[in-house]
Amino acid sequence: MENRSEAVSELLLSRLPQPANRAAYQEEVKSLLAKNEKTLRQHQWTVRRIWIFVIAVSLPCLAVAGANYGKPQGNWFMNSVYFWVLFGAIEIAKYHQNQGRVELLKELKQIQLQILDLPGLLNKRDAPGPDKT
């Protein structure tokens, strides 16, 4: 088990970008984040369309359920309203989960880029300046 965890950690560390490739990596991160933002906006519009559909289907079903209150037909239409509202709520939850994932990814990539800058900052600090002898 320990050998497997060492192999996984070595694999993860080998995928870290090198400070020399920072500019290319930064462009790659920008394109990834832009792609995620575009996908998130598309999903937002999809959720809006779904809710328009849910409302368009639920209102007539509620009217029929009210007209047939206490009858099996009324119960069936009311259950279909529950289904569509649950479906819409699940889509909203998926959107918020994806939004949180994208925000977390942004933060992680920002921290990763700051970590890539650390060796350069440490070298600048340790380099003797004009006042150091």
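Every number in this text was worked out from the coordinates using simple rules, so none of it is lab data. From a predicted model like this one, the values you see are computed outputs, not experimental measurements. With ideal geometry, Cβ positions are generated from the backbone for all residues, glycine too; neighbour counts draw on all protein chains shown.
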Between Leu118 and Gln97, what FRET efficiency follows from the Cβ-Cβ distance if R0 is 35 Å, with the result rounded to 0.05?
0.65
Alpha carbon convex hull of region 42-118, projected area averaged over orientations, nm²:
5.8
With θ set to phi - 60°, apply the Karplus curve 6.51 cos²θ - 1.76 cosθ + 1.60 along region 24-38 and write out the HN-Hα couplings as whole Hz, x wherever there is a Gly or Pro.
5, 5, 5, 5, 5, 5, 4, 5, 5, 5, 5, 5, 5, 5, 5
Charge sum, other residues only, whose C-beta stays under 13 Å from Ile115's C-beta, Lys/Arg counted +1 and Asp/Glu -1
0
Going by C-beta contacts inside 10 Å, put Tyr95, Tyr82 in order with the fewest on the left.
Tyr82, Tyr95
Candidate lysines - alpha carbon under 25 Å from Lys30, same-chain residues fewer than 8 apart omitted:
Lys38, Lys94, Lys106, Lys109
Leading residue at positive end of dipole, region 28-81 (Cβ point charges), from Pro60, Ala34, Ser80
Ala34
